[in-house]
1. Roughly what % antiparallel, to the nearest 5, for the DSSP beta bridges in segment 100-199?
2. What are the semi-axes of the equivalent ellipsoid of segment 36-110, taken as the square roots of 5 times the eigenvalues of the Cα gyration tensor, listed largest first and rounded to whole Å?
3. Considering segment 56-270, what Rg and Dmax in Å follow from its alpha-carbon atoms?
4. Looking at segment 56-270, what % of its DSSP beta bridges pair antiparallel, to the nearest 5?
5. Within 10 Å of each residue's Cβ, count the other Cβ atoms and sort 259, 270 from fewest upward.
6. Where nothing but the Cβ of Lys and Arg (+1) and of Asp and Glu (-1) is charged, how large is the charge dipole of segment 60-204 around its Cα centre, in debye to the nearest 20?
7. Cα extents of segment 98-160 along the three principal axes, largest first, in whole Å?
8. Sort 138, 201 so the one with the fewest other Cβ atoms within 10 Å of its own Cβ comes first.
Amino acid sequence: MAPTLTLAWKSVRNRKVTAMLTVMTVAISVILLLGVERIRTQAKTSFANTISGTDLIVGGRSGQINLLLYSVFRIGNATNNIDWKSYQEFSQHRSVEWAIPISLGDSHKGFRVMGTNHTYFEHYKYGKKQPIEFAKGHEFNGLFETVIGSEVAKKLGYHIGSEIIIAHGISDVGFSRHDKLPFKVVGILSPTGTPVDKTVHVSLEAIEAIHVGWESGANLGNNPSANQLEMMQFRPKQITAMLLGLKSKIQTFALQRQINDYTQEPLSAILPGVALHELWGMMSVAEQALMTVSGFVVVAGLLGMLSSLLTSLQERRREMAILRAMGARPRHIFSLLVLEASALTLIGLVIGTASLYVLLAAIGPIIQQNYGINLELNPLSVYEWGLLVAVQLAGSIIGLIPAFRAYRQSLSDGMTIRV
């Protein structure tokens, strides 16, 4: 086997250009195959890590995916709000350890504005129950103070002391802005890789204050100044959703049923993990489509290698005949072609895998900043090793076709072959 392996390696080196093209085809196929798998798994992990330690998410009656999207991912809008009295009742429930109120609806230059209180900074967690931390500054204390996410600060160039203008609704246009009520940045959060990075946080009282003089989204013109508003006492009338942490996981389903059957107003309580699983299930079609496309690319790469081997085989018939004359048996010719195909596939796998890690290191920060997906440079998983083994086996099997042809030709060609 060793002499045959050496001969196969020398044969590959003798056809450098063809071999390099074949290797690059396999390598590109492997990059796409493993890249899709890595992005798929990391995206799922990033989605799952967006919220942690929260037992229930409560909002107006709607589907659980819609509730999850607007309350956690800041995507879309709520169908209904929650009355403040309902929040107070359930936040003081005997099963509830902490409650985080959330009020959405406003924006700032494409970033969502969220009203909340100090419990958000104390109890909201992401990843593996990691708390949000301040890179600079502190929580908001004054009525017109704000804490911004890391992405907001980076993209808009804000720092501690900057002033921002909040707009009514998602569209940040001139007539919808609260121009006379600027907010001062007092805190910038550390990066989390979650929607927190793209959120402007203000107090619930501030949400009420900036909407004094507004009715159904329209400015009626009676807008008190910031000084006048600071002298007033504000209490939220409604919120968009609330996040609940319970004293015991055993009480989760009982409280969920109680909230869903609440008679004072229609509410929905969802389990974040179950909703995330359903959301990912809806995306499984796109996931399977990507895997199918990458699989076809691998097949195309292997067929390209087969075409290359079959094309070169016609030119190598004299070489095979000489090997036969020197004492090589048909099985040696057969083994030579199989080893060549296996070697080309293996080199393609190594180059493709190495190139993937280089690409992940280069584009990982860009993807995290723009899409919140953290592409970690983890070792290959068992499933990824299985994909590589499958490609290697397929490459070796592909090599059987030209090997069998060379085997048959070597029996009949001898030294009389005309080239």
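Values in this text are rule-based calculations from the coordinates and carry no lab data. Given the structure is predicted, the values throughout are model-derived calculations rather than measurements. Quick reminder, even Gly has a Cβ in these numbers, built from the backbone with ideal geometry, and neighbours come from all protein chains shown.
1. Working: 14 of 19 bridges.
Among the beta bridges of segment 100-199, antiparallel pairing accounts for roughly 75 percent.
2. Numbers: eigenvalues 139, 60, 24 Å².
Each semi-axis is √(5λ); the values are 26, 17, 11 Å.
3. 17.0, 51
4. Numbers: 34 of 43 bridges.
So the antiparallel bridges amount to about 80 percent of the total.
5. On the way: 259 19, 270 24.
With the fewest neighbours first, 259, 270 line up as 259, 270.
6. Values: 16 positive and 13 negative charges, 63 e Å.
Dipole magnitude for segment 60-204 comes out near 300 debye.
7. Sorted largest first, the three principal extents are 32, 23, 22 Å.
8. Values: 138 12, 201 25.
Listing 138, 201 from fewest to most nearby Cβ atoms yields 138, 201.
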